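No value in this document is a laboratory result; all are computed from the given coordinates. On a predicted model such as this, the values are computed, not experimentally measured, just so you know.
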Amino acid sequence: MKSAVHDQTPPATVRVFIALAPPDHAKEELARELRPAYGTHPRMRWNRIEDWHITLAFLGELPVGTVPLLRPPLAVLAAARRPPSLALRGSGHFDDRVLWSGIDGDLGELHALAADVRTTVKDCGITFAERPFRPHLTLARARRGDHTSVDEIALLLAGFTGRPWPAGRLHLVGSNAGRSSGPIHYRDIESWPLGDGNPAGS
């Protein structure tokens with residue numbers, strides 16, 4: 001019989017995306033607006049506030065050994081780009097199930113950053129399914145057949161406009177999505193300050 005230690009082999013792949021993250025004060029503003037919905041819609045699968053992010057490129061499952069290839073070019077890209085000024089605004093949903101907050105502010109710069117991130121990934125020889133970039137921050141997912149909750153919460157947030165903030169860092173993120181039936185957890189693999197002119201920054 002194999003020992004328990006040998007059975008706990010590390011995963012050969014990791015689910016990866018590249019993102020921006022709102023600062024704490026911006027997340028707290030939105031969380032205050034959402035607080036009534038947490039109580040009235042407990043069956044929604046709410047994302048943890050600390051995991052809120054704006055995905056620039058979703059790379060999917062990658063071999064663990066390829067992830068280090070992304071670090072140097074993403075560091076160079078981050079150092080060369082000024083932080084876009086963004087704000088959380090309004091709400092909506094995808095497919096009656098995925099509730100999101102919209103993004104306002106310097107959207108031209110944000111789209112350009114997302115395009116450059118995707119080009120950088122492809123230049124590393126990493127292929128991924130490119131989806132149209134639709135700036136948003138995912139808040140929750142409804143259970144099947146519960147689209148009414150999504151509509152009600154989106155209406156609650158329709159008039160919300162948060163204070164602007166500079167997107168300070170570019171994040172390379174790994175997640176455990178698809179590995180178990182439990183909650184999704186995210187972790188920074190690495191992050192780099194935007195616009196500091198120093199590719200070696202951490």
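Express in whole angstrom the spacing between the alpha-carbon centres of segment 130-151 and segment 6-85.
16
Please tell me the relative contact order of the chain in percent, rounded to the nearest whole number, where contacts are Cα pairs under 8 Å and at least six residues apart.
This gives 33 percent for the chain.
Can you list residues from other chains, or at least 5 along the same chain, whose modelled amide H is less than 5 Å from the amide H of Gly195?
Ala79, Ala80, Arg81
Would you kindly give the portion of the calculated P(r) for the chain that falls above 25 Å, as a percent of all Cα pairs?
Considering the chain, 42 percent of its Cα-Cα pairs are separated by more than 25 Å.
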